[in-house]
Amino acid sequence: MREHKYRAWHKEAKTMIYEKRPGEVFQWKSEGQPVIIMESTALQDARGVEIYEGDIVSVHLDLLFGEVEKRAVVEWCDLFKAWCLNFMSDGCGLMLTNDQVLEDTIQVIGHIWEKKYAHL
């Protein structure tokens, strides 16, 4: 069984906070801190960066007509009971798998609360 890890976006401070002890982010929330909690996928990108819910990732896809690079948001998909990549501009998605990570096709480039990604 995997260890569940979390981080939180502090709405007022506009900063990402990583918990030092398990369950710490839930304590912040219960104390009334204005935080948005995100779970780790337990996967790492091509550079070894841990991938969390809400991350923006660059995905290199090898399609029939050639290789393309797309940006996607990491989200939990209730339908598949799995982490998925939501290609916002295309209106489609893809399950996030170890194979993609092992093939060095995914890199974390930011998260959805950063101002420069507000349009996604």
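The values are calculated or read from the model by the stated rules, or taken from the named source; none is laboratory data. In this text, all values refer to a predicted model and were calculated from it rather than measured experimentally. Note that each Cβ is placed from the backbone with ideal geometry, even for glycine, and that neighbours are counted across all protein chains shown.
Values computed for the structure shown
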read-out	value
Filtered residues of segment 53-74 (kept if within 14 Å of Gly110 (Cα to Cα), outside any loop (DSSP other than H, G, I, E, B) and not charged (D, E, K, R))	Ile56, Val57, Ser58, Val59, Ala72, Val73, Val74
Filtered residue count, segment 20-59, keeping only those that are of a type in the set (Lys, Arg) and touching a residue at least 40 places away in the same chain (Cβ under 8 Å)	1
Residue check for Ala46: in a strand (DSSP E or B) and crowded, with 16+ Cβ neighbours inside 10 Å	no
Residues that are touching a strand residue (DSSP E or B) at 6+ places or on another chain (Cβ under 6 Å) and farther than 19 Å from Lys14 by Cα, drawn from segment 48-69	Val49, Glu50, Ile51, Val57, Ser58, Val59, His60, Leu61, Val68, Glu69
Options Glu31, Glu50, Glu24, Glu12; residue that is under 16 Å from Ile109 (Cα atoms) and at pLDDT 85 or above	Glu50
Extreme residue, modelled with the lowest pLDDT, among residues of segment 73-110 that are surrounded by 13 or more Cβ atoms within 10 Å (Cβ to Cβ) and among the aromatic types (Phe, Trp, Tyr)	Phe87
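Yes/no matrix, rows are residues, columns are (1) among the small types (Gly, Ala, Ser); (2) more than 19 Å from the chain's Cα centre (by Cα); (3) surrounded by 15 or more Cβ atoms within 10 Å (Cβ to Cβ):
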position	(1), (2), (3)
Lys11	no, no, no
Ile17	no, no, yes
Gln27	no, yes, no
Ile37	no, no, yes
Ala42	yes, no, no
Ile51	no, no, yes
Gly66	yes, yes, no
Arg71	no, no, yes
